[in-house]
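To keep things clear, I will list the structure first and then write my remarks on it.
Rule-based calculations on the coordinates, nothing more; no lab input. What you see is a predicted model, and the numbers here were worked out from it, not measured in a lab. With ideal geometry, Cβ positions are generated from the backbone for all residues, glycine too; neighbour counts draw on all protein chains shown.
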Amino acid sequence: MVKARYTNLVMKVIKLNLLILLLFFLTKNVYSHGGRTNSKGCHNNRKTGDFHCHNSKVKPRPLSKRNQKKFKCENKRICADMINCNEAKFYLKNCGLHRLDGDKDGIPCESICGG
């Protein structure tokens, strides 16, 4: 009888340890991007040429003069009309198209620019 209790206790301890070990390996931190961000959580997006941050306290760099010159306020009205994030930022800042920043965090077209 004592041996049966001891065996049950050992089995429970083994099961508990296996469960803890399993949970340890199955859980992990999830990040928007793996590495390659600076100390403030910002990085360059190679696809769009944009610089953005994953920390809401940090504001992204403004568009360079070179990027501002190649865009014009035309009849684009929604994010799907934008070529890239730089164009969306241009329209938000220079064309008064505030609907591009639906959550009003200063980053237009979250689907293109991230955020």
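Data for the structure
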{"item": "Long-range amide H partners of residue 101 with built H, under 5 Å", "result": "109"}
{"item": "Cβ crowding within 10 Å averaged over residues, with 100-108, 79-87 ranked highest first", "result": "79-87, 100-108"}
{"item": "5 angstrom amide H check on residue 42, placed H, neighbours 5+ away", "result": "54"}
